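Notes follow once the structure below has been shown.
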Amino acid sequence: MQNLFKFIHRYHFFFLFLVLATVALALTISRQQYHQSFFLHSANRFSAGLYETMANIRSYMSLKEQNRKLMEEYASLLGDQDESHLNRDTLVHESVDENWQTRYTYIHAEVINNSVIRRNNYITLNKGSLHGVEPDMGLITTEGVAGIVINVSRNFSVAMSLLHSDMLVSTKISKNNQLGTLSWDGINYRRAVMTYIPPHVELSEGDSIVTSGFSTVFPENVFIGTIKDWGVRRGDNFISAGIDLALDFNKLNYVYIVQNLFKDEQEELESLTHTE
């Protein structure tokens with residue numbers, strides 16, 4: 001308390017000045033209409049700006065929740081596509097409503113780490129085994145194929161990006177269903193190469209490339225990109241085509257993890273067949 005009195009005594013002229021200045025300002029505002037109007041207008045502008053800033057902050061804070069809901073809704077729509085069902089119909093002319101069984105389901109996830117500049121790039125997601133994620137599940141977006149899950153913990157998972165030297169995707173040319181294999185060119189994160197295209201196939205710039213469905217990882221007809229150029233490499237009997245990837249990996253924020261409900265059954269059967 002003694003220190004407080006010493007402090008006030010030391011700066012009493014300053015405190016007196018603040019009191020007098022406050023009284024003078026109050027008298028000026030209350031006595032003169034112009035100053036009162038100016039003061040109120042400034043206060044209103046400040047309040048309006050403050051409220052607007054707070055509204056923007058609230059809007060930003062709710063943006064993630066809105067994105068999450070949109071991702072959930074789109075994942076549900078993906079599961080309703082024909083490519084996400086297995087046709088069990090045995091009669092061509094019979095109604096197939098009861099004979100289509102869900103083959104693929106989708107888990108939405110946020111990308112929390114990603115790289116595009118390495119030879120072997122990876123994607124880290126905020127979903128893990130707790131959410132049903134397992135190794136060998138595919139990653140897709142609304143723009144194309146993103147990668148394949150390789151490691152999973154309880155709350156996180158890591159995927160091999162399409163931008164990886166070991167990543168191969170079975171693809172086809174949409175207009176004629178001709179098959180090929182897609183891999184990254186290792187240089188440009190917006191470019192890939194489709195190989196093993198038969199030499200008799202006619203290609204055009206802009207032809208769409210989609211997944212073939214000939215794997216247990218990705219559904220059929222997931223868009224990947226378009227043909228930019230092509231040619232036959234020396235010593236090769238097949239055409240290789242340069243592909244412009246639709247997905248910009250440098251802007252990758254969200255993905256859908258593909259769960260093939262018939263994966264184990266198909267792989268087990270194929271494994272038994274190949275060993276015979």
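Rule-based calculations on the coordinates, nothing more; no lab input. On a predicted model such as this, the values are computed, not experimentally measured, just so you know. All Cβ positions, even for glycine, are placed from backbone atoms using ideal geometry, and neighbour counts span all protein chains on display.
For a quick check: sort T211, T102 by the number of other beta carbons within 10 angstrom, fewest at the front.
Lowest count first: T102, T211.
Quick one: which of K127/K228; K228/K251; K172/K263 span more than 29 angstrom between C-alpha atoms?
Listed pairs above 29 Å: K127/K228.
Given N residues in the stretch 94-177, what is Rg(Cα) / (2.2 N^0.38 Å)?
1.31
At 0.36 nm per residue, minus the direct Cα-Cα distance, what do E267 and R154 gain on full extension? Give it in nm, one decimal, please.
Gain on stretching E267 to R154: 38.2 nm.
Take S115, project a point 7 Å from its Cα along the Cβ direction, then tell me which residues of the stretch 147-176 have their backbone nitrogen under 20 Å from it.
Under cut-off, by backbone N: 147-153, 156-168.
What is the spin-label model distance, in nm, from T195 to T124 if the labels are put 7 Å beyond Cα along the C-beta direction?
3.2
For the stretch 238-258 and the stretch 154-205, what is the separation of their Cα centres, given in Å?
Cα centres, the stretch 238-258 to the stretch 154-205: 8 Å.
Translational diffusion coefficient, Stokes-Einstein: compute it for the stretch 119-276 using the Kirkwood radius over C-alpha pairs as Rh, at 10 °C and 1.306 mPa s, and state it as an integer in µm² s⁻¹.
Stokes-Einstein gives a translational diffusion coefficient of 97 µm²/s.
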